[in-house]
Amino acid sequence: MAEIIELARQALPHQAAARLRSMLIEGTIAPGAKLNERELCEQLKISRTPLREAIKMLASEGLVELLPNRGAVALSLGEQDVIDTFEVMANLEAQSGELAAARITDDELAEIRALHFEMLAAYTRRDLPRYYALNAQIHACINAAAKNPVLTRTYAQLNARLQALRFRSNQDGQKWQRAVDEHERMIDALARHDGAAMRAVLTEHLNNKRDAVLELIRSGQLNRAGASP
């Protein structure tokens, strides 16, 4: 019984991190906002110790910044940071896509197709949180199909900085439809093992995400918490 209680205690920071991660990605906590420990403890129904451990996890992922005299603050990227980060991310996505087209197995392709169909269902329901979760899984599966561990680690580290921005980039209906169409082209390129086509569509996909995010920044919409698609 004592072991079960101890395991439950150990799981608390991970559970809290998962909840906070969703709040940060979905904009419930706005970029640049200070994480109020007292309010979060009440909201998540946990004490400060597991909350602080959860915040440290998210800081290591790049979703939270730990600032002297300010505590934990939700990551906020400036316009030039966005341009620079998406520039690198587009190249990583393009490379992983090209490698995946050459190395993907039938089972991996089938899994990506299944996730894609689920994602389309979420899109039809306009369920952005579910859509985004499936979308992120698809990109991770493509990256894994490239079968390059160094690329995968680099991708995961940089992508953490962009998760909230990628989520927000689908708030416009027309841009969301375009992203879905680009995913259709990814599936087609993977099925044909066409590395050049995969590189091209992923580069286009990331550049469109970048432009959508820059538009939000310039219009002043990005730092609003709780925005809906």
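Descriptive notes on the structure:
- Cβ pairs under 9 Å, 6+ apart, first in segment 148-175 and within 26 Å of residue 123 (Cβ to Cβ), second surrounded by fewer than 15 Cβ atoms within 10 Å (Cβ to Cβ) and modelled with pLDDT under 80: 168/221; 171/221; 171/228
- Of the listed requirements (1) touching a residue at least 60 places away in the same chain (Cβ under 8 Å); (2) touching a helix residue (DSSP H, G or I) at 6+ places or on another chain (Cβ under 7 Å), residue 185 misses just one: (1).
- Residues in segment 30-39 that are surrounded by fewer than 14 Cβ atoms within 10 Å (Cβ to Cβ) and either touching a strand residue (DSSP E or B) at 6+ places or on another chain (Cβ under 8 Å) or not in a helix (DSSP H, G or I) (or both): 32, 34, 36.
- Among the candidates 27, 62, the residue that is under 28 Å from residue 128 (Cβ atoms), at pLDDT below 85 and buried (at least 19 other Cβ atoms within 10 Å of the Cβ) is uniquely 27.
- Residues considered: 190, 151, 134, 162. Of these, the only one that is within 19 Å of residue 77 (Cβ to Cβ) and either buried (at least 16 other Cβ atoms within 10 Å of the Cβ) or touching a strand residue (DSSP E or B) at 6+ places or on another chain (Cβ under 8 Å) (or both) is 162.
- Residues in segment 65-75 that are in contact (Cβ under 8 Å) with a residue 24 or more places away in the chain and more than 20 Å from residue 154 (Cβ to Cβ) were compared, and the one that is farthest from the chain's Cα centre (by Cα) is 70.
- In segment 76-101, of all residues being over 20 Å from residue 153 (Cβ atoms) and in contact with a Gly (Cβ under 7 Å, 6 or more places away or on another chain), the one that is modelled with the highest pLDDT corresponds to 101.
The values are calculated or read from the model by the stated rules, or taken from the named source; none is laboratory data. Quick caveat, the model's predicted, so the values are computed rather than measured. Positions of Cβ are backbone-derived with ideal geometry, glycine not excepted, and every protein chain shown enters the neighbour counts.
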